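Here the structure is laid out as structure tokens; the discussion comes afterwards.
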Amino acid sequence: MGLRIKVFYVDFWLAYPPAIKAVYPDAHIQYDFFHTIQNIHRHLYKALTAYRKAFKAAATEPAQAEVRKALHKKLWHHRYRLFTNEENLSAEQRQILDELLQEHADTIVEQIVLFRQHVRTIFNECDTFALALDHLAVLILDGWADLDDGLGKVMAFLEQHIHNMLTYLRVPNIQRYSLSECTVRSLRRIEKVRQGFKTHQGRVNHLKLLQWRKYLRPEATHPR
């Protein structure tokens, strides 16, 4: 068809890279940042769940049983604080997170928070591919993969896919994520708004998207 596609933004379905290279051997692959973080969080969340179950099942003195029960309930109720970026935490949430880290010091709870900070450094603060690789090498040398099975899986995931996770650092004019999923989700809501328009601006934005879909899409401007 004469297409000269230069970059593909994809998730981690194993069939994508070989299929892309077979048809477009010179194209670059950028693993979508949303899916990268989603996969990392999936392993970390499983590690937290395993710890929570072990914490709940651990034998303890009757006098400490109620205290331990309260700590377990608090951890599970506020578990998503461990996966929230610090700048998005309110003062109250920050205090709760600090309490969780103190109550579960030297466990996977503390390790998840520290490890996420290292991962964010790779993707948010490294401005060259070489610098990102150096930071990943430090994580390898520091033995993060040996601390927990979940952390080990994340480290293996990073090592295996880091080249295409950071294409945006290696190749000019490539961004680290695709907006396709957000756009598709918004377009679907145009057809049937499930929760209603929460604000006037939201209604205006949906109207603009509807106009684009109806009047500016290729099928409308170039009828067959």
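Figures for the structure shown
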| quantity | calculated |
| --- | --- |
| Residues of segment 83-111 classified as open to solvent by 90 Å² or more (accessible area, probe 1.4 Å) and not in a helix (DSSP H, G or I), total | 1 |
| Segment 132-157, subset without any contact (Cβ under 8 Å) to a residue 60 or more places away in the chain and within 18 Å of Lys46 (Cα to Cα), residue most open to solvent (accessible area, probe 1.4 Å) | Asp146 |
| Test: residue in segment 122-131 that is farther than 27 Å from Thr107 by Cβ and crowded, with 18+ Cβ neighbours inside 10 Å | no |
| Residue in segment 42-51 that is open to solvent by less than 50 Å² (accessible area, probe 1.4 Å), at pLDDT below 95 and either touching a strand residue (DSSP E or B) at 6+ places or on another chain (Cβ under 8 Å) or of a type outside the set (Lys, Arg) (or both) present | no |
| Single match in Ile29, Ile40 (criterion: touching a residue at least 60 places away in the same chain (Cβ under 8 Å), in contact with a Leu (Cβ under 9 Å, 6 or more places away or on another chain) and on the phi < 0 side of the Ramachandran plot) | Ile40 |
| Pick from segment 172-208, criterion touching a Lys or Arg at 6+ places or on another chain (Cβ under 9 Å), farther than 17 Å from Phe34 by Cα and modelled with pLDDT of 75 or more, ranking: most open to solvent (accessible area, probe 1.4 Å) | Asn173 |
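The values are calculated or read from the model by the stated rules, or taken from the named source; none is laboratory data. Source: prediction; values computed, not measured. Every residue, glycine among them, receives a Cβ derived from its backbone with ideal geometry; neighbour counts consider all protein chains shown. When the accessible area is computed, the model is the full protein with side chains, heavy atoms only, and any ligands, DNA or RNA have been set aside. Shrake-Rupley method; radii C 1.70, N 1.55, O 1.52, S 1.80 Å.
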